[in-house]
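These notes concern the structure reproduced below.
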Amino acid sequence: MNILIAGATGNTGLRLVEQLKAKGHSPIALVRESSDTSSLPADVAQRQGDLTDLQSGVCDGCDAVIFAAGSGGSTGPEMTDKVDRDGAKRLIDLAADAGVSRFVMLSSVGADNPDPESDLAHYLQAKHEADEHLKASGLSYAIVRPVSLTDDDGNRDMLFGDDVDPKGKAARGDVAAVLANAVDDSEWTGKALLMQSV
């Protein structure tokens, strides 16, 4: 499958690219002009696109799309809205226009029911609105909601759904593996699940 990845140059995205390649897929990195693409494998295709201003056609020729991007912890509410909410929603709409077979969303614990008292309230609300837009899009989707991320590779031993400790940890390597599997695993179709590493 040709799989467009938003966030391919990030900590999770780079691992995701490798996971998809290992499964025989062809990842396509969605990159801004200012993106540092030096860590991407040389044989991975790149497609220009900025989540704050996505042009139509960016999903053309893709079988699936994975949103693994984020505005980052150091940006303000405005950039969170532009990337995590509006950018995600625009990418969903373009994916639907292009007839992709699956859209996989990297979301977050707490995005299903954002706590207004949380330190992450604004971010979680943005993720919530993006998730809800995906559910209503008509696309076949999977939404992965990891608990607190670590930079570990993990051992692919994971818990999902009601078994997850919301205060647990999720290794980025495990998260990438789940995103790669969710692209074509029918078990993930129409699901939004919490995820943690064991």
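The values are calculated or read from the model by the stated rules, or taken from the named source; none is laboratory data. On a predicted model such as this, the values are computed, not experimentally measured, just so you know. Every residue, glycine as well, gets a Cβ built from its backbone with ideal geometry; the counts of neighbours run over all protein chains shown. Just the protein is used for accessible areas: all its heavy atoms, side chains included, with ligands, DNA and RNA removed. Shrake-Rupley method; radii C 1.70, N 1.55, O 1.52, S 1.80 Å.
Data for the structure
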{"read-out": "Cβ crowding within 10 Å averaged over residues, with 42-54, 94-106 ranked highest first", "value": "94-106, 42-54"}
{"read-out": "Added length on full extension, which subtracts the Cα-Cα distance from 0.36 nm per residue, Asp97 to Glu187", "value": "29.9 nm"}
{"read-out": "Student exercise, the chain dipole from Lys, Arg, Asp, Glu Cβ charges, in Debye to nearest 20", "value": "340"}
{"read-out": "Exposed GluC sites (Glu not before Pro) absent: longest stretch of the chain, with sites in DSSP loops and at most 13 other Cβ within 10 Å deemed exposed", "value": "34-116"}
{"read-out": "Estimated [θ] at 222 nm from DSSP helical runs (n ≥ 4, -39500 (n - 2.57)) normalised by residues in the chain, nearest 500", "value": "-8000 deg cm²/dmol"}
{"read-out": "The chain - share of DSSP beta bridges that are antiparallel (%, nearest 5)", "value": "10"}
{"read-out": "Probe 1.4 Å, accessible area per residue of the stretch 118-160, Å²", "value": "49"}
{"read-out": "Mean Cβ count within 10 Å, highest first, over the residues of peptides 153-160, 3-10", "value": "3-10, 153-160"}
{"read-out": "Unsatisfied cross-links (Cα-Cα over 25 Å) in the set Lys21/Lys82; Lys23/Lys127; Lys82/Lys169; Lys89/Lys191; Lys21/Lys167", "value": "Lys21/Lys82; Lys23/Lys127; Lys82/Lys169; Lys21/Lys167"}
{"read-out": "In nm, spacing of pseudo-spin labels at Gln48 and Thr75 (7 Å Cα→C-beta vector)", "value": "2.0"}
{"read-out": "Fraction of accessible area attributable to carbon and sulfur, the stretch 1-127 (%, probe 1.4 Å)", "value": "41"}
{"read-out": "Relative contact order (%) - criterion: Cα under 8 Å, at least six apart; region: the stretch 92-198", "value": "31"}
{"read-out": "Those residues of the stretch 56-84 whose amide nitrogen sits under 11 Å from the label point placed on Asn2, 7 Å along Cα→Cβ", "value": "58-64"}
